[in-house]
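For reference, the structure is listed below as structure tokens.
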Amino acid sequence: MASDTMDKGSLRQELLRQRKQIPSAQKIAIDCAITQKVLQSESYQRSKTLFVYCSIADEIDTHTIIADALARGKRVCLPKCLPGHVMQPRVITSEGDLSEQTFGIPEPGAHCAAVSPDEIDLCIVPALACDKTGARLGYGGGFYDRFLPQTSAYCMVLCAQARLLERLPVEPHDIRCGCIITEQEVVLVHEG
């Protein structure tokens with residue numbers, strides 16, 4: 001796939017189609033391998049306040065990571081979507097705190113306290129695809145591109161190896177992540 005010559009919309013549609021075709025057993029194996037790499041990473045083990053997405057459908061699963069972080073006593077924040085395409089990190093104490101939904105994604109309820117982005121030390125970010133420069137292709141809402149500049153947290157993006165592409169189309173507002181975790185490798189991105 002010539003990802004550097006496709007526009008983001010066309011590439012997004014093609015990757016969504018491909019992702020849906022992954023057999024269930026293969027997806028489970030990919031999710032498990034990525035989860036183990038996250039849990040074993042120094043960045044995760046050192047983190048005290050974690051910002052992580054709640055995976056749905058075909059996304060790389062994060063439920064085991066959330067459960068592990070809660071069991072270890074980490075402060076776990078998930079995004080609450082607010083008007084204006086803004087994400088606000090809110091603390092949960094269990095997945096039972098997730099109730100409200102924007103875009104069909106479970107979110108922390110109104111009772112969950114907001115956390116300042118500068119208190120977060122690790123962000124686990126979703127992606128439909130990545131390239132080895134840390135560029136990511138999301139779902140087109142720009143939520144993470146607006147949120148990530150507010151925090152100095154280490155950013156780790158979860159991506160299946162099949163969707164770690166040579167090059168993605170990148171725009172000036174796109175935010176790169178410092179680490180990409182696939183089921184096969186951990187790619188540390190060095191800027192400059």
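The values are calculated or read from the model by the stated rules, or taken from the named source; none is laboratory data. Remember, it's a predicted structure, so these values are computed and weren't measured experimentally. A quick note on method: Cβ atoms are made from the backbone with ideal geometry, for glycine too, and the neighbour counts reach across all protein chains shown.
Just a few scattered comments:
- When the criteria are applied in full, K80 fails the requirement of being in a helix (DSSP H, G or I) and within 18 Å of the chain's Cα centre (by Cα).
- When residues of segment 105-122 are limited to those that are part of a strand (DSSP E or B) and in contact with a helix residue (DSSP H, G or I) (Cβ under 9 Å, 6 or more places away or on another chain), the one nearest to Y139 (Cα to Cα): P106
- Summed over segment 144-167, the residues that are buried (at least 19 other Cβ atoms within 10 Å of the Cβ) and over 19 Å from Y53 (Cβ atoms) give a count of 1.
- Restricted to segment 160-191, and to residues there that are hydrophobic (A, V, I, L, M, F, W, C) and farther than 23 Å from R17 by Cα, the residue that is modelled with the lowest pLDDT is I175.
- Enumeration of residues in segment 83-104 that are assigned to a strand (DSSP E or B) and either of a type in the set (S, T, Y) or within 20 Å of T49 (Cα to Cα) (or both): V86, M87, Q88, P89, R90, V91, I92, L98, S99, T102
- Checklist (1) free of Cβ contacts under 8 Å to residues at least 60 places away in the same chain; (2) part of a loop (DSSP other than H, G, I, E, B) applied to Y139, failing item: (1)
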